[in-house]
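Student: Before I ask anything, here is the structure I am working with.
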Amino acid sequence: MFTGRKVGLVFKRLRPFFALGLMLSVFFLGGCSNYIVLDPKGPVGAQQKDLILYSIGFMALILLVVYILFTVIVIKYRENRKDMSNWEPEQEGSKKLEILWTAIPILITIALAIPTIKTIYDLEKPPQASAHKEPIVITATAVDWKWIFSYPEQGIETVNYINIPEDRPVEFKLTSADSMSSFWVPELGGQKYAMPGMETTLYLQADHKGKFAGRNSNFNGEGFTHQIFDVNSVSQSDFDKWAKDTKSKAPELSKKQYDQLMLQGEAKKMTFSSTHLKWVDHAKDRDYAVKTRERLGVVPQNPHGSKAKDANKPEQDSHGESHSH
């Protein structure tokens, strides 16, 4: 059983940690305005921001109550208080208090779980604000260490960048050709995993024109930091013009070019007037990249170890001559 003296000693020992916690809270909350996840540019990001702030506020309230109760108990039951007439160092447990502090965590869990579950299910559908608009479909394929985007309806494909119309939902179908990656555009919404041999769906939307940075947020090897892409939000008319021009002017994607993209390494931005979906769907064929590398004579390498080959760098044959991919 804690006596007032013991409580006082515990408080003194923990005081530096409480002070450190308060300082970190001040720095964290003071820098919230610099976090792009708290400055969303679309309805999905806004909904997630509301959930984040609700959770932070709720937990901050709990901490405040705990700190106040802790301070009251330390002061009220300190050993050197003047009035010791009602001091009872040996006390039995209280069923009422035990029920209370069992019920409170249950209520806290419910209060956090209900809005979280509701938001999770809401985000599995197109944003309500634009539910009347048909989503544009983009298949996003992660490859070590690049992103390949296919527009099946427009019949075009891009590497490491996408154009989307503003104020219109985008249905991303996520998959991977090799290692597990995570598709994330912080200003538009939270991340979702892209895995070989399966397909996940993520809805995003940009309410404003602009350029937003996207990346792989799941570590998958030495090229992880360079597995980034740009999301360009443009007007619907500009998007339609870009799609039409790309379809008529960009070169077609050949199977040979696509197989070169399966090699581990970085890649520059590319644009094609056809997609790889006509000969492979990585959500159904999880071994395509591995088989392609073996067919091209590239020994499979551990992405966490030795340096992988850059998909943009020319290879050299046995005579030392360079051949561009």
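Student: Hey, can you tell me all the residues within segment 202-227 that are surrounded by fewer than 18 Cβ atoms within 10 Å (Cβ to Cβ) and assigned to a strand (DSSP E or B)?
Tutor: Of everything in segment 202-227, those that are surrounded by fewer than 18 Cβ atoms within 10 Å (Cβ to Cβ) and assigned to a strand (DSSP E or B) turn out to be Gly210, Lys211, Ala213.
Student: Let me ask you something else. Before we move on, is His325 within 28 Å of Ala243 (Cα to Cα), of a type outside the set (A, V, I, L, M), assigned to a loop (DSSP other than H, G, I, E, B) and modelled with pLDDT of 95 or more?
Tutor: Criteria not met by His325.
Student: Identify the residue in segment 241-254 that is touching a residue at least 60 places away in the same chain (Cβ under 8 Å) and farther than 9 Å from Thr271 by Cβ and, among all such residues, is surrounded by the most Cβ atoms within 10 Å (Cβ to Cβ). Before the answer, list the steps.
Tutor: Step one: filter segment 241-254 for residues touching a residue at least 60 places away in the same chain (Cβ under 8 Å), giving 242-243, 246-247, 250, 253.
Cutting the leftovers down to farther than 9 Å from Thr271 by Cβ gives us 242-243, 247, 253.
Working: Trp242: 17, Ala243: 18, Lys247: 15, Leu253: 23.
Here the residue is Leu253.
Student: Then there's this: Would segment 190-201 turn up any residue that is buried (at least 23 other Cβ atoms within 10 Å of the Cβ) and at pLDDT 95 or above?
Tutor: Yes.
Student: Then there's this: Output the residues belonging to segment 202-223 that are at pLDDT below 95 and closer than 19 Å to Lys269 by Cβ.
Tutor: If the condition is that a residue be at pLDDT below 95 and closer than 19 Å to Lys269 by Cβ, then Gly223 is the only one that fits.
Student: Considering only segment 68-107, state which residues are at pLDDT 85 or above and either under 30 Å from Leu204 (Cα atoms) or assigned to a loop (DSSP other than H, G, I, E, B) (or both).
Tutor: Passing the criteria: none in range.
Student: Determine, yes or no, whether Thr175 is modelled with pLDDT of 95 or more, surrounded by fewer than 19 Cβ atoms within 10 Å (Cβ to Cβ) and more than 14 Å from Phe229 (Cβ to Cβ).
Tutor: no
Matching residues to (1) at pLDDT 95 or above; (2) closer than 25 Å to Tyr121 by Cβ; (3) among the polar types (S, T, N, Q):
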{"site": "Arg5", "(1), (2), (3)": "no, no, no"}
{"site": "Val10", "(1), (2), (3)": "no, no, no"}
{"site": "Phe17", "(1), (2), (3)": "no, no, no"}
{"site": "Met23", "(1), (2), (3)": "no, no, no"}
{"site": "Leu29", "(1), (2), (3)": "no, no, no"}
{"site": "Asn34", "(1), (2), (3)": "no, no, yes"}
{"site": "Val37", "(1), (2), (3)": "no, yes, no"}
{"site": "Ile56", "(1), (2), (3)": "no, yes, no"}
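Student: Given the residues Glu199, Glu252, Glu266, Glu222, which is the only one that is under 18 Å from the mean Cα position of the chain (by Cα) and either at negative phi or not β-branched (Val, Ile, Thr) (or both)?
Tutor: Residue meeting the stated conditions: Glu199.
The values are calculated or read from the model by the stated rules, or taken from the named source; none is laboratory data. Owing to the predicted nature of the structure, the values given are computational and were not obtained by experimental measurement. Heads up, the Cβs are rebuilt from the backbone with ideal geometry, glycines too, and the neighbour counts pull from every protein chain shown.
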